[in-house]
Amino acid sequence: MIHSSWRIAVGAILSLPTVAGIAAAQSRGNQAVVAEAVSTVGITVGDLDRSVEFFSTVLSFQKVSEVEVLGPEYERLSGVFGARARVARLRLGDELIELTQFLAPEGRPIPVGTRGNDHWFQHVAIVVSDMDRAYQHLRRHRVRHASTGPQRLPHSNPNAAGIQAFYFKDPDGHHLEVISFPPGKGDAKWQRAGDRVFLGIDHTAIVVGDTERSLRFYRDLLGFTVGGQSRNYGPEQARLNNVEGASLLITGLRLAAGPGVEFLQYLTPVDGREFPGDSKANDLWHWQTVVRVAPGESVNLLATSGVSLLSRAAVTLPDSALGFRRGVLIRDPDGHAVLVTER
């Protein structure tokens, strides 16, 4: 059963960046928006200690920092009045994730019944060297399945043939993926010999309603480069996403550094629910892709363009406790959050 407040949220109107708004942002200084890297992927969690333990023990991440933040600048940045939050950064290989627990005010849990084609869906893809070893390790830790089990994509799909993947859930119900690449697929660094099972983060995946509309945001406005595209369907894909009859258009994008961003556009079925209109950064379905831009006017340009804001304005923080001094939290065309930062 869906929580009653969730029914209201789904019915609310979400203010999203329009094509005209994105075009306005571009015309006001597209050359000034120079995105350098996806520096990390952020997840709002209900209990930071529990989540750090899960990612460290089960997935081999290493905690590298923790801070507690509060004050008017952080309220304006997150768009959450009265915010007080604990923020931990964890590393796996070359990549980072950021876990945030709002001590006040607490947000809402991920709704029961969330499916892989709902528009608030997002995950990170954790690369493993051996899918059998990884899956048995996850089973020993009694993770909750989201996929039926590990799936190997067939040779009928040449762009993805031989890739193995499995979806599961963290203690809050966030979807996560482990993925293994056969020789010739994925970044060459994933083929390096070694004893580690869990290697790093390849990408974060988001459900999109219209690939071309999302490209105008990520490629044309923020400067991502399209790396590839494929049409994935069949019983393996359906059982991976656990969405019967799933047929997806998948598009991979990257910046010069950091994990990629992957679009998941469901061609069938098309009954995924829209992003809830009253979402806030303290709700547990909140993820944020953190994009670092070159110093200059990029943050100001985005904050004053037609792009939808979660922040109340571009914010200069009192210190660099979060790894940056200036930022703005914006929404993409489907409602996913992107935190644009300057060092």
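The values are calculated or read from the model by the stated rules, or taken from the named source; none is laboratory data. Computed from a predicted structure; not experimentally measured. Every residue, glycine among them, receives a Cβ derived from its backbone with ideal geometry; neighbour counts consider all protein chains shown. Accessible surface is based on the protein model in full, side chains and every heavy atom, while ligands, DNA and RNA are left aside. Shrake-Rupley method; radii C 1.70, N 1.55, O 1.52, S 1.80 Å.
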Value of D in µm² per second that Stokes-Einstein yields for segment 264-343, Kirkwood Rh from Cα pairs, at 4 °C (1.567 mPa s): 93
With all protein chains modelled, accessible area of LEU103 [1.4 Å, Å²]: 70
Ranked order, THR114, THR57 - accessible area, probe 1.4 Å, largest first: THR57, THR114
Cα-based Kirkwood hydrodynamic radius, segment 180-256, one decimal, Å: 14.7
Debye equation applied to the C-alpha atoms of the chain, log10 I(q)/I(0) at 0.07, 0.12, 0.13, 0.14 Å⁻¹: -0.26, -0.83, -1.00, -1.18
5 Å binning of all Cα-Cα separations within segment 69-119, expressed as whole percents from 0 upward: 4, 16, 18, 15, 17, 20, 8, 1
Accessible surface, per residue, of the chain when the full set of protein chains is kept, probe 1.4 Å, Å²: 42
Percent carbon-and-sulfur accessible area, the chain, ignoring ligands, DNA and RNA, probe 1.4 Å: 50
Cα centre as origin, Lys/Arg/Asp/Glu Cβ charges: segment 293-343 dipole, Debye: 120
Among VAL340, ILE206, GLY252 the positive-end extreme of the charge dipole of segment 204-343 (Cβ point charges): VAL340
Solvent accessible area, Å² - THR204, 1.4 Å probe, full protein context: 0
For LYS189, solvent-accessible area (1.4 Å; no DNA, RNA or ligand), Å²: 40
For segment 217-312, with +1 on Lys and Arg beta carbons and -1 on Asp and Glu, the positive-most of PHE224, PRO269, VAL307 along the dipole: PHE224
DSSP-defined antiparallel bridges as percent of all bridges, segment 288-343, nearest 5: 65
DSSP bridge orientation in the chain - percent antiparallel, rounded to nearest 5: 75
